[in-house]
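Below is one structure, written out as structure tokens; comments come after it.
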Amino acid sequence: MPKLIIKPFSVNGAWKGQKFKTDKYKSYEKLLLFTLPDVFIPDGPLLVVFEFGFNSDLSDADNPVKPLLDILQKKYGFNDSRVYQVASTKVLIPREKEEYISFDIYSYCEFQMKLIDMKFVNIYSN
């Protein structure tokens with residue numbers, strides 16, 4: 001993987017002046033805060049996995065991540081600075097099907113340990 005020695009650019013620095021939520025975003029946030037199920041949020045660093053079902057292949061897999069992550073932290077009371085890894089998958093679904101959002105929140109440390117265990121098992125199982 002190439003490594004560039006440059007400070008990563010935050011979306012927070014991408015706009016001049018203050019950012020204001022649109023009425024559409026406020027409605028989306030309100031709907032999600034009401035609709036989201038109760039979930040357990042592990043302590044420590046987190047891994048968040050998203051799946052977005054879109055009717056159009058022109059939809060971007062990353063565009064819905066930040067607004068949804070902000071709403072999840074508001075709903076579940078965690079700071080998104082605890083998120084160490086995000087995985088986002090775009091699924092193309094037929095136009096007659098309903099678009100959807102799916103997510104899971106895992107302990108990043110436990111996930112990393114499982115990956116190490118899987119590698120260890122694969123090395124020694126042959």
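Throughout, read-outs are computed from the coordinates displayed, never taken from laboratory work. From a predicted model like this one, the values you see are computed outputs, not experimental measurements. Cβ sites come from the backbone with ideal geometry, for glycine too, and all protein chains shown count toward neighbours.
Taking a span of 20 Å or more along the helix axis (Cα atoms) and a mean Kyte-Doolittle hydropathy of at least 0.0 as the rule, the DSSP H helices of the chain that qualify are 108-124.
Magnitude of the charge dipole for the chain, about its Cα centre and with charges confined to Cβ atoms of Lys, Arg (+1) and Asp, Glu (-1), is about 560 debye. For segment 15-104, the fraction of C-alpha pairs farther apart than 21 angstrom is 38 percent. Each of 41, 68, 14 was scored by the projection of its Cα onto the charge dipole of the chain, and the greatest displacement toward the positive side belongs to 14; charges sit on the C-beta of Lys, Arg, Asp and Glu.
Of the GluC sites (Glu not before Pro) found in segment 24-126, those in coil by DSSP whose Cβ has at most 12 other Cβ atoms within 10 Å are 96, 98. Among 86, 48, the ranking by other beta carbons within 10 Å of each residue's beta carbon, starting with the fewest, stands as 86, 48.
Sorted ascending by nearby beta carbons within 10 Å, beginning with the fewest, 82, 95 become 95, 82. Each of 100, 28 was scored by other Cβ atoms within 10 Å of its Cβ. Listed from fewest to most, they are 100, 28. Rounded to the nearest 500, the helix-only mean residue ellipticity at 222 nm of the chain stands at -10500 deg cm²/dmol, with each DSSP H run of n ≥ 4 adding -39,500 (n - 2.57).
Here the chain carries DSSP beta bridges of which approximately 45% are antiparallel, counting only pairs with both residues inside.
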